[in-house]
Amino acid sequence: MSERLLAVITGASSGIGAAFARKLAARGYDLLLISRREERLRSLADEIAGLYHVAARPMAADLTSDADCERVAETVRGANNLGLLVNNAGFGSLGYFWATDIAGQDRMHRLHVLATLRLTHAALVNLLPKRSGGIINVSSLAAFGQTPQSVSYSATKSWMNSFTEGLALELAANDSPVKVQALCPGFTLTEFHDTLGMERGPIPRPLWMTADFVVEQSLRSFDRGKLFVVPGWRYKLLLGLIKVLPASLMRQASVAGVRRFRKRRDK
Ligand SMILES: NC(=O)c1ccc[n+]([C@@H]2O[C@H](COP(=O)([O-])OP(=O)(O)OC[C@H]3O[C@@H](n4cnc5c(N)ncnc54)[C@H](OP(=O)(O)O)[C@@H]3O)[C@@H](O)[C@H]2O)c1
């Protein structure tokens, strides 16, 4: 059996999850890589095993399915060498809530909320007696407010932040050294916006970050036990503003932004 700690990463087949896989392998973790596209996971696992000489295992699972989610949870609960769980799998949606397919909204809640809930429970049952390791929940800057046309996304990511904060309090109340983090990135160059069908062009270049940068910030902050991690000075500044400006003003700005965008688009 491996002496190395195991990192379980959901949504490892691309973007931020794949960056977590490479960086955690470089730190000496064995990996369990989870997502639906098995071929992608397999080639990433081969690449990582060759480069870093750790064990990397692909596990195909659709985390919106109860059966698949339970299968992954069981593996997480029973992994003797579990060190870290990264709840990263996710996707966005575009369009007014009532005009979008409810099945997609349902899947989003299953993935961002229920899968995170179940896998986190499985991981904590495993990690608490060991008094080590932790969980990183990949949330979003969108968790700190609401935007028209992305309502379920912001709501589920807000849930992630609240859930992670609550866990941090419970762990502290029990003097547990197990760490939790809510990682809240802004625009990151991954497949996220392709899947969403959103053009990257209108977003100013300086606002884009690489997945490597986001993950590096997350892991450095995890070492220091930071609860909320917002990578990049621009986004830290933006969050500072969001926190000091009146909520009613933020809501007005959000609605005005969408109206402006619609006008420009319909010209
Ligand atoms: N990119 C950004 O600008 C940004 C900003 C803030 C937060 N985030 C968050 O970062 C996380 C990672 O996204 P990303 O940017 O790296 O996008 P991405 O490249 O599209 O990666 C999303 C990952 O989630 C997996 N996934 C999606 N549905 C799944 C399901 N039902 N079951 C299992 N795995 C599933 C995908 O794999 P399969 O398709 O193979 O299943 C893929 O590996 C998400 O939670 C996202 O909300 C992204």
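Mind checking which of 250, 108, 59 has the largest fluctuation in a GNM of the chain, springs on alpha carbons under 10 Å?
Fluctuation is largest for 250.
Mind giving me the FRET efficiency for residue 172 and residue 39? R0 is 41 Å, r the Cβ-Cβ distance, nearest 0.05 is fine.
Once rounded, the FRET efficiency stands at 0.45.
What does the helix-only formula give at 222 nm for the chain: each DSSP H stretch with n ≥ 4 adding -39500 (n - 2.57), the total divided by the residues, and the result rounded to the nearest 500 deg cm²/dmol?
The helix contribution divided over the chain gives -16500 deg cm²/dmol.
Can you work out the FRET efficiency for the pair residue 251 and residue 94, with r the C-beta to C-beta distance and R0 = 25 Å, to the nearest 0.05?
0.80
Given 0.36 nm per residue, what is the gain on full extension from residue 103 to residue 195 after removing their alpha carbon distance, in nm?
31.5 nm
Membrane-span-like helices in the chain: DSSP H runs reaching 30 Å or more (Cα, own axis), mean Kyte hydropathy at least -0.5?
Span-like helices, by this rule, are 151-173.
Can you spot the aspartates and glutamates whose alpha carbon is less than 18 Å from residue 130's alpha carbon? Ignore those fewer than 8 places along the same chain.
Cα-Cα hits under 18 Å: 3, 30, 74, 170, 175, 223.
Can you give the relative contact order of the chain as a percent, counting alpha carbon pairs under 8 Å and 6+ residues apart?
17
Report the Cα centroid-to-centroid distance between region 195-267 and region 148-177 in angstrom, as an integer.
So the two Cα centres are separated by 18 Å.
Name all residues of region 1-42 having a backbone nitrogen under 17 Å from the label point set 7 Å from the Cα of residue 60 along its Cα→Cβ direction, giving them as ranges.
Counting only backbone N, you get 11-14, 33-42.
Over region 59-122, what is the relative contact order in whole percent, taking alpha-carbon pairs under 8 Å and six or more residues apart?
Value for region 59-122: 51 percent.
So for region 6-233, what are the equivalent ellipsoid semi-axes in whole Å, largest first, each being the square root of 5 times an eigenvalue of the Cα gyration tensor?
Working from the Cα gyration tensor, I get semi-axes of 25, 20, 18 Å.
Taking residue 236 as the anchor, which aspartates and glutamates have their alpha carbon closer than 19 Å to its alpha carbon, excluding any fewer than eight residues away along the same chain?
Within the straight-line limit of under 19 Å, residue 236 reaches these aspartates and glutamates: 165, 212, 216.
Each reported figure results from applying straightforward, stated rules to the coordinates on display, with no laboratory input. All values reported here derive from a predicted model rather than from experimental measurement. Here the Cβ is made from the backbone with ideal geometry for all residues, glycine too, and neighbour counts use every protein chain on show.
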